[in-house]
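Down below is the structure, laid out as structure tokens.
Values quoted throughout were computed directly from the atomic coordinates according to the rules given, and no laboratory measurement underlies them. Keep in mind that what you see is a predicted model, and the values were worked out from it rather than measured. In this analysis, Cβ positions are derived from the backbone assuming ideal geometry, glycine residues included, and neighbour counts consider all displayed protein chains.
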Amino acid sequence: MSSDGKTIVAFGKCTDYDPSAVEAAVRAAVDAVGGIGAFVQPGQSVLLKPNLLTDADPDAAITTHPEIVRAAIRLVQEAGGVCRVGDSPASVIKHERVWERTGMRALCEEEGVELITLEQGGAREFREERQVFDIARRVLDADVVINLPKVKTHVMTSFTCAVKNIYGCVPGMAKAGLHKQYFNAADFGRVVAAIYGVVRPALTIADGVVGMTGNGPSSGQPTAMGFVAASADGVALDRCLCRSLRLDPRAVPYLPVLRRRGVGEHDERRIHVIGADLDSLLNRPVALPNTLRTRLIPSWLGRLFAPLLWCRPTFSDNCVYCGLCVRTCPADALTQEKGEKPVLAPKQCIECCCCHEVCPAKAVDMQLSRMFQRLVDHDKCLR
């Protein structure tokens, strides 16, 4: 908190992943929100939770860059904390491949910290209002959770950073199960909000040096953003980044839910931003998901015209026939013959975008129905 009681969100300028530049920017941002000693005490166990969605090279801007994680490790060790790095990547991709391709294995070996998968150690079930979900015990057993998300736009939730990254605390196939159970954006937003409300990381350090825009979280465009950001309140941090991206927070399904539940700071008048002018942080308009306007369609209208309002995957000639989309689909809506593109059973599709997330070739596009597209176009005209 600042001296006037406002929530602090701090930005540090950083234009590339040079290790010394990243460490300086992370240190400056964390110092501005109270310093690492305000979050980590000597002897405490600390879980660093990056975004390790899939087995992507760090330059693809899909996962948190290892230099951001390195800087966080060093701060925690300076404070006397006992550090681990852990996540639960997409279940259809072998963890060993994720650790190698993202650079996390090499990093953790260099820094002498343990790299863990959140599937090991079991999970605990939680019930929050109507949402039921599991959280990995390795998360719950940590004295301190430090959240290390990547700044990205997202075809299902419009945006992913501090709050959405905590969804990775749900282990393994349980994530796919939640997609199947809470399959529309509004319901999924409620369960994401509930998970964040339970975990509540002590500190968030966001990787916005190079983020992703357009149809993220894995098929968008790497976009130079030039910053790292830190806050004890991930909701406030997400709210600030929505403004920088010119993104309506109402289109991010978990933010209105968290606001109603009183979790985090949503009022910009009560957020003290250090080190950046939010209106010029990204000095040019950026590409947003092609599904963005669909998230602003009232839920009652979506339910009324559900058979006519859909957003389903199509498969381009970029397809490499790897079958990851088929194996990750929680609704078993995809089938595939060897050497051919997947085939969708439209009535089984729950529009969860899981196939889009794991595709390594950017071959999956989420296509709107004709009526949905007309509503979106009408909405654009009104705005």
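Key figures for this structure:
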| item | result |
| --- | --- |
| Contour minus Cα-Cα distance for Asp279 and Arg370 (0.36 nm per residue) | 29.3 nm |
| The range 161-226: C-alpha gyration tensor shape, a/c 1.5 cut-off, then a/b vs b/c | oblate |
| Cβ crowding within 10 Å averaged over residues, with 22-29, 37-44 ranked highest first | 22-29, 37-44 |
| Pair Ala24, Arg327: separation of 7 Å Cα→Cβ label points (nm) | 4.4 |
| Over the range 7-274, relative contact order from alpha-carbon pairs under 8 Å, at least 6 apart, % | 24 |
| Computed helical MRE - 222 nm, the chain, DSSP H runs ≥ 4 contributing -39500 (n - 2.57), nearest 500 | -9000 deg cm²/dmol |
| Separation in nanometres of the label points that stand 7 Å from Cα toward Cβ, at Val320 and Arg200 | 4.3 |
| Most mobile of Tyr17, Tyr196, Tyr254 in a GNM of the chain (Cα contacts under 10 Å) | Tyr17 |
| Under 30 Å from the Cα of Lys49 - lysines, other chains or at least 8 residues apart | Lys6, Lys13, Lys94, Lys150, Lys152, Lys164, Lys175, Lys180, Lys362 |
| Cα→Cβ-extended label distance, 7 Å offset, between Arg130 and Ala287, nm | 3.6 |
| Nearest-ten-degree value, helix 234-244 long axis tilted from longest Cα axis of the chain | 70 |
| Listed peptides 334-346, 230-242 by packing density, highest first (mean Cβ within 10 Å) | 230-242, 334-346 |
| Cα convex hull volume per residue for the chain (Å³) | 133 |
| Antiparallel bridge percentage (DSSP; both residues within the chain; nearest 5) | 60 |
| Between the range 85-125 and the range 208-240, the alpha-carbon center distance in angstrom | 22 |
